[in-house]
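Just below is one structure, and these are the notes that go with it.
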Amino acid sequence: MKDTQNPIALRSKEWLTNALLELMKNKPFRNISISEIAEKADLSRRTFYRSFSSKEEVICFYLQTIWRTGVLKLSTDEDYSYYHTIRWYLELWYEHREQALLLYRNDLLSLLLQEYNHLFREVYLMRKGNYPLAKQSEAMKYALSYSAGGLLNVLWQWASEGMQKSPEEVANLLMVAIQLPDRE
């Protein structure tokens with residue numbers, strides 16, 4: 001993704017992102033052209049290509065925007081429990097459920113996996129930075145990959161049901177599902 005701190009370029013990226021999401025409400029992602037996105041944003045194709053190299057990159061930019069907002073909120077929270085972190089994740093997506101459902105219907109949730117593999121490390125270090133796993137980079141890569149895949153599939157399942165359950169209901173179901181059996 002083309003990185004810039006220029007406020008005008010950033011605003012163009014936001015307009016293009018909003019235009020794509022708006023178009024996706026009435027048309028499948030795969031059938032939307034770059035020209036349509038640029039036209040809807042009232043920008044040129046050239047501006048699109050100065051900002052992004054593909055439609056998928058627009059979605060990744062949007063996902064990163066959601067994530068940055070969510071991580072900011074999480075960073076001020078003092079409850080470091082696993083349950084609370086899961087609730088934060090689910091509430092973040094519930095807040096953006098219209099877009100999550102658009103991504104699901106267009107088979108684009110898999111783009112999240114790429115983002116999660118990069119971003120979950122940030123959350124882990126924020127929540128458990130002094131834990132032994134943070135000092136074992138090889139094991140941490142595998143643990144975060146495991147978490148990313150699991151949480152993506154939870155979101156996928158939730159979206160497949162129209163995200164009708166509340167974040168609390170899904171978090172409680174997840175906690176029941178991951179309970180380890182008692183050792184004998």
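Quick notes
- Candidates in the range 48-105 are the residues that are surrounded by fewer than 17 Cβ atoms within 10 Å (Cβ to Cβ) and β-branched (Val, Ile, Thr); of these, the one that is nearest to residue 150 (Cα to Cα) is 71.
- Scanning the range 51-79 for residues that are aromatic (Phe, Trp, Tyr) and more than 22 Å from residue 166 (Cβ to Cβ) turns up 52, 61, 62.
- Of all the residues in the range 112-128, those that are among the hydrophobic types (A, V, I, L, M, F, W, C) and surrounded by fewer than 17 Cβ atoms within 10 Å (Cβ to Cβ) number 3.
- Being basic (Lys, Arg), over 27 Å from residue 61 (Cα atoms) and modelled with pLDDT under 95 is a property that holds for residue 183.
- Which numbered condition residue 107 misses (of (1) modelled with pLDDT of 85 or more; (2) part of a helix (DSSP H, G or I); (3) assigned by TED's automatic domain parsing to the domain that holds residue 165; (4) among the charged types (D, E, K, R)): (2)
- Among the residues of the range 28-47, those identified as surrounded by 13 or more Cβ atoms within 10 Å (Cβ to Cβ), closer than 19 Å to residue 106 by Cβ and of a type outside the set (A, V, I, L, M) are 29, 36, 40.
The values are calculated or read from the model by the stated rules, or taken from the named source; none is laboratory data. None of these values were measured; they are calculated from a predicted model. Counting neighbours? That spans all protein chains shown, and the Cβs are built from the backbone with ideal geometry, glycine included.
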